[in-house]
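First the structure, in the form of structure tokens, and then the observations on it.
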């Protein structure tokens, strides 16, 4: 089992993670997790735990994790947006074929305002991109 464990463990938290070094080479043959740092993914800050000095291997592992984590979060963000497109399509079908008048009354204004806001932002961003290409 010990051979299968990674050298580092990252306990995810908002904006980053707590970083632990995994130790299985102790006299009790149990898994010890030694916190070595706190990572902030937004600003890239890495704070060593206490008076600890991070090794080059520690910094490399943390840097690699941050890069992978940012890529994963970006991928999830796009996936969430594509799910929103699906939800808008399902909502259009519901409104056209299944919704009762009182249900439509309850959601119409909020949905129209949200869609108007989104459309405004998307049109402005599209125009900015087209102007940059010129």
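The values are calculated or read from the model by the stated rules, or taken from the named source; none is laboratory data. Predicted, not measured: the structure shown is a model, and the values here were computed from it. Here the Cβ positions follow ideal geometry from the backbone for every residue, glycine too, while neighbour counts run over all protein chains shown.
Brief remarks follow.
- Residue 46 vs. criteria within 25 Å of residue 112 (Cβ to Cβ) and either assigned by TED's automatic domain parsing to the domain that holds residue 119 or at pLDDT 95 or above (or both): no
- Restricting the search to strands (runs of 3 or more DSSP E) fully inside segment 1-118 and requiring at least 2 residues that are in contact (Cβ under 8 Å) with a residue 40 or more places away in the chain and either surrounded by 10 or more Cβ atoms within 10 Å (Cβ to Cβ) or under 20 Å from the mean Cα position of the chain (by Cα) (or both) gives 8-13, 16-23.
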